[in-house]
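Accompanying notes for the structure given below.
The values are calculated or read from the model by the stated rules, or taken from the named source; none is laboratory data. A quick note: this is a predicted structure, and the numbers were derived from the prediction, not measured. Note that each Cβ is placed from the backbone with ideal geometry, even for glycine, and that neighbours are counted across all protein chains shown.
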Amino acid sequence: MPLTTILMYRSVLPIAFAIGVFSMMPPLVSAAAAPSAGAAPSGDAATTRQAASDGGLLAGQDPIVDTKTSVLDVTTLGDLGGLVDVLKDARVVFVGETHDRYEDHLNQLAIIRGLHERDRDIAIGMEYFQQPFQPALDAFVAGKLSEADLLRRTEYFDRWRFDYRLYRPILRYAREHGIPLIALNVPSEIVDKVGDGGFKALNEAETATIPAEIDRSDETYRNHIEAVFRMHPNAEDADFEHFLDVQLLWDEGMAERAAEYLEAHPRRTLVVLTGAGHVEYGRGIPQRVTRRVAVPAVTVISGQDRPLDPALADYILYPRAIGLPATGLLGVMLDVESEGDGVGVRDFSDNSGAKAAGIKAGDRIVRVGDQAIHGYADVRIALMDSRPGQKLPVEVIRRGAFLGSPQRLLLQVELH
């Protein structure tokens, strides 16, 4: 359980920590405060200059401005137990994350566990899985589908790709307690098409799969997305309107799926797990859910690398950093497009353990450890809980010279 400090910006609690009270940053002097060249000195300036000539004060003036400082009463800092006591009255709880921070996911698990242990009927909405794969999530929670097959059937490693171990405790807790998992995200095929040509690029059948109502009225949302767009290295060659369409597709698509679930299950609380950018300031998914269905909603977000801003979320979490152990790597670049058994080896990384063990470009990997390899997902599953320095048997098929028969080789590879 991560040690987490919580800043609560609900009106029933005081706000904030003296930020900037002792700041030494000099403000800019306005044009009105600086006399123009050749102008007669004002009364104050003349007085200051006279004082300086009399051996008193230095010449110059310093404007006194409002620092707009927020103050945090540290005696009100809460913990996750107190937070869950408040969240249990909400119908939808949005918990924003930084995808690759394990401590954020541990906090999500703590909230889910806390609500479940307080006898709340809950479901978990996940950005990480796309809507067409809902049957696989249902089968996993019901115990009818293994964890490995869940990852294969949802095409997790092709469509999301983040280390599955980040989310594994949440999915296992849901399966153990029969908590529904809801696939929120829209299919990558639709997202890619919108990214290339905007909504107008979709055909009639594709358009029927996305929300009919796309709200573009929030200028603050647009400005925020444009600022993010400008930070992308290829922004000059890209189309901002298409980029905006993709963000709207994600936010509206996930919001519509969440709202439909809430309406279909009026006694259930939905905990929405998604990237913080979809939650912060309520302008991504939250406001688009409550536009569709009037339910009590709460936003929770990690404050790491974000401003201490009361508008950011209802509750801001400050956990200590917790990392996962490194996963072992074969040191190969895979060819997943060519046909044949297993997956092909296209090239090697520097200091590749696979290359050092004798694997060659063009070989096809058909087994890693005890895991048969039929595709990319199998490689990720086989290595998931391995460690650098560990040795694993790797079986490959190598084409024979000229028309000779293929060879099967079993090599010991030291992972790096």
Quick one: would you say R306 is in the same structural domain as E252 (by TED's automatic domain parsing), out of contact with any strand residue (DSSP E or B) (no Cβ under 9 Å at 6 or more places or on another chain), touching a residue at least 12 places away in the same chain (Cβ under 8 Å) and not hydrophobic (A, V, I, L, M, F, W, C)? no
Restricting attention to the stretch 213-221, does a residue exist that is at pLDDT 95 or above, within 27 Å of H105 (Cα to Cα) and crowded, with 18+ Cβ neighbours inside 10 Å? yes
Would it be correct to say that P286 is exposed (fewer than 15 other Cβ atoms within 10 Å of the Cβ) and at pLDDT 95 or above? no
Kindly check whether there is at least one residue in the stretch 166-180 that is assigned to a helix (DSSP H, G or I), charged (D, E, K, R) and under 20 Å from D100 (Cβ atoms). yes
Just to be sure I understand the filter: pairs with C-beta atoms under 6 Å, separated by 6 or more residues or on different chains, first member in the stretch 58-80 and closer than 29 Å to P319 by Cβ, second member of a type outside the set (K, R) and modelled with pLDDT of 90 or more. Which pairs pass? L80/A110
Please work out which one of (1) of a type in the set (F, W, Y); (2) part of a strand (DSSP E or B); (3) surrounded by fewer than 18 Cβ atoms within 10 Å (Cβ to Cβ) is the condition Y128 fails and give its number. (3)
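List the strands (runs of 3 or more DSSP E) inside the stretch 308-416, counting only whole elements, that have at least 3 residues being more than 32 Å from the chain's Cα centre (by Cα) and over 27 Å from H99 (Cβ atoms). Can you show your working first?
Details: elements: 315-319, 332-335, 343-348, 364-368, 391-398, 407-414.
Those strands (runs of 3 or more DSSP E) span 364-368, 391-398, 407-414.
Taking Q407, is it without any contact (Cβ under 8 Å) to a residue 40 or more places away in the chain and either under 26 Å from L166 (Cβ atoms) or of a type in the set (V, I, T) (or both)? Can you show your working first?
Details: without any contact (Cβ under 8 Å) to a residue 40 or more places away in the chain: yes; either under 26 Å from L166 (Cβ atoms) or of a type in the set (V, I, T) (or both): no.
For Q407, the condition - without any contact (Cβ under 8 Å) to a residue 40 or more places away in the chain and either under 26 Å from L166 (Cβ atoms) or of a type in the set (V, I, T) (or both) - is not met.
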When you scan the stretch 293-330, how many residues do you find that are crowded, with 21+ Cβ neighbours inside 10 Å and under 25 Å from L415 (Cα atoms)? 2
Only one of (1) over 26 Å from R91 (Cα atoms); (2) assigned to a loop (DSSP other than H, G, I, E, B); (3) in contact with a helix residue (DSSP H, G or I) (Cβ under 9 Å, 6 or more places away or on another chain) fails for D305. Which number is that? (3)
Might you check whether a residue that is surrounded by fewer than 19 Cβ atoms within 10 Å (Cβ to Cβ), aliphatic (A, V, I, L, M) and modelled with pLDDT under 95 occurs anywhere in the stretch 356-375? no
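If I ask for residues that are surrounded by 20 or more Cβ atoms within 10 Å (Cβ to Cβ) and in contact with a strand residue (DSSP E or B) (Cβ under 6 Å, 6 or more places away or on another chain), which ones from the stretch 78-89 would you list? Break it down into steps so the answer makes sense when it comes.
Filtering the stretch 78-89 for residues surrounded by 20 or more Cβ atoms within 10 Å (Cβ to Cβ) gives 80, 83-84, 87.
Within the stretch 78-89, L80, L83, L87 qualify.
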